[in-house]
Amino acid sequence: MKVHIRSEVDQAEWNQALEKSEYGTIYQTTYYADSIRDITKEQPIFITAEDHGKILGQLLLFKTCRFHGRVYDKPLGSILIKFLMKTSPLYHWHFGPVTLCKEKESEAYSKILNGVRKLAKDEGTDISSSHPHPLNDRIECFGAVGFESREAATFVIDLTKDITQLWLGLEKHSARKNVERATERGVAIEAVEDEDGFTEYFNVLNETRIREQVKPYHYTHAYKQWRMLQQRNVIKCFVAKREERTLAGIMISTFNGYLNEWGAGQSSYAIENKLYANDMLKWHIIKWGHEQGHRYYDLTGVNPNPQTPKEQGIYRFKAKWGGRLV
């Protein structure tokens, strides 16, 4: 089995291979690679483990640099990033590697991970973070080639359950009751289809980030990425509204039946008036995902050992939707 490292691949071939694996998600697609390369200027690198020309495993990782988050959206940021990638490069990825042959899964994992380590070693740099798929069972392969681990977690909802099971899986007083309250108070869910709708969603999202004292997102970059992925039909955006007023919003990636949350926000108005718009959105996405035949809904991370009141609140909110902590 040999490892191949490329800067470009056949897009259809790469993405179709992902769809054959239960672990294929948007974060390993060329669609995601194109959006990141275009917007943040990080460089996608495609790694495959091949046996006699047959691909048995693949990984999309990104070459970035230290301080990337501070400079990429600044004037002359793209020029500075090119310089920093030469002087202070880093590698990272999400939800990989993805293996395509159960019989040789461990070997493919090991080959790819060793290839990544060699790539980083040749440049005298580090792998800043790597996130395997939360449902994969080959975590030991990372330790075997020298990776250090830290504990992380997420809640994953099995959307293949009967809709009644999904409803009864919600925490009775904090989830089901809040959905019923939101319905009684006239909260409804709409899909975002155009820039006007995206702008309403984005405003609520940044209102939330400002309220939580987190750096706001850059509109042009966010809209551009949404449009790129929307055109590939791998992302959806939903908003909760009452009387034309946007109360909350969330984006959901949808590749290969695996839903991931992106960018959830809720207005201060919705919170102050106890409209439970976020609860309404969550249940709508669970129903929608089930009806569309998707397999899993990943609530995209919690601290498994929450320390601060904020972390504890996030944990409680995500725990009440009937997902499995993994």
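The values are calculated or read from the model by the stated rules, or taken from the named source; none is laboratory data. This one's a predicted model, so the numbers in the text were calculated from it and none came from an experiment. Heads up, the Cβs are rebuilt from the backbone with ideal geometry, glycines too, and the neighbour counts pull from every protein chain shown. To get the accessible areas, we keep the full protein, side chains included, count just its heavy atoms, and leave off ligands, DNA and RNA. Shrake-Rupley method; radii C 1.70, N 1.55, O 1.52, S 1.80 Å.
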Could you compute the FRET efficiency for residue 88 and residue 7, with r as their C-beta to C-beta distance and R0 at 22 Å, rounded to 0.05?
-> 0.65
Where the stretch 135-176 is the region considered: accessible area per residue in Å², 1.4 Å probe | 61 Å²
Whether the stretch 140-271 is rounded, prolate or oblate, judged on the alpha carbon gyration tensor where a/c under 1.5 counts as rounded | oblate
Choose one answer from 144, 33, 191: the residue with the largest mean-square fluctuation in a GNM of the chain with alpha-carbon springs under 10 Å.
-> 144
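Give the residue list of GluC sites (Glu not before Pro) in the stretch 119-223 that are DSSP loop and have at most 15 other beta-carbon atoms within 10 angstrom. Don't jump to the answer; show the numbers that get you there.
On the way: sites: 123, 140, 148, 151, 171, 180, 184, 190, 193, 195, 200, 207, 212; in loops: 123, 148, 151, 171, 193, 212.
Of the GluC sites (Glu not before Pro), the ones in loops of the stretch 119-223 whose Cβ has at most 15 other Cβ atoms within 10 Å are 123, 148, 151, 171, 193, 212.
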To the nearest 10 degrees, the tilt of helix 195-211 (Cα long axis) against the first principal axis of the alpha carbons of the chain is 90 degrees
With all protein chains present, calculate the accessible area of residue 38 using a 1.4 Å probe and round the result to the nearest 10 Å².
-> 60 Å²
0 to 90° range, to nearest 10: angle between helix 77-87 axis and the chain longest Cα axis = 40 degrees
Separation in nanometres of the label points that stand 7 Å from Cα toward Cβ, at residue 160 and residue 218 = 4.1 nm
Would you please give the residues with an amide H less than 5 Å from that of residue 57, counting only those at least 5 places away or on a separate chain, with H modeled from the backbone geometry?
-> 49, 100
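Residue separation times 0.36 nm, minus the C-alpha to C-alpha distance between residue 20 and residue 291: what's the value? Spell out each step's value before the answer.
Details: separation 271, 0.36 × 271 = 97.56 nm, distance 2.13 nm.
Value of the extension gain: 95.4 nm.
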So the angle from the long Cα axis of helix 309-319 to the longest Cα principal axis of the chain, reported in degrees to the nearest 10, equals 90 degrees
From the phi of every residue in the stretch 54-65, what ³J(HN,Hα) in whole Hz does the Karplus formula 6.51 cos²θ - 1.76 cosθ + 1.60 yield, where θ is phi - 60° and glycine or proline is x?
-> 9, 6, 10, x, 8, 8, 9, 10, 10, 8, 10, 8
With the cut-off at 37 Å, report for the chain the share of all Cα pairs above it, as a whole percent.
-> 19 percent
For the stretch 188-261: Kirkwood Rh in Å [reciprocal of mean 1/r, alpha carbons] = 12.8 Å
At a probe radius of 1.4 Å, what is the per-residue accessible area of residue 194, in Å² to the nearest 10?
-> 80 Å²
SASA check, residue 269, accessible area w/ 1.4 Å probe, all protein chains in place, rounded to nearest 10 Å², comes out at 70 Å²
Cα gyration tensor of the stretch 12-147, axes a ≥ b ≥ c as square roots of the eigenvalues: rounded (a/c below 1.5), prolate (a/b > b/c) or oblate?
-> prolate
Given springs between every Cα pair under 10 Å in a Gaussian network model of the chain, which of 97, 309, 89 has the largest fluctuation?
-> 309
Residue-wise HN-Hα coupling along the stretch 4-12, computed from phi with Karplus coefficients 6.51, -1.76, 1.60 (Hz; x: Gly, Pro) | 10, 10, 9, 9, 9, 9, 5, 4, 4
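Compare 65, 101 by solvent-accessible area with a 1.4 Å probe and give them largest first, with all protein chains kept in place.
Working: 65 5, 101 30 Å².
Highest to lowest solvent-accessible surface, that is 101, 65.
Of all the accessible heavy-atom surface of the stretch 196-326, with the other protein chains kept in place and a 1.4 Å probe, what percent is carbon and sulfur?
Details: 2940 of 6210 Å².
Ligands and nucleic acids excluded, carbon and sulfur give 47 percent.
Output the pairs from 215/310; 20/102; 20/111 with a Cα-Cα distance over 18 Å in this structure; if there are none, say none. Working shown, then result.
On the way: 215/310 16 Å; 20/102 12 Å; 20/111 20 Å.
Checking Cα-Cα distances, 20/111 exceed 18 Å.
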Please identify the trypsin sites (Lys or Arg not before Pro) of the stretch 247-290 that satisfy two criteria: DSSP loop assignment and at most 16 other Cβ atoms within 10 Å. Which are they?
-> 274
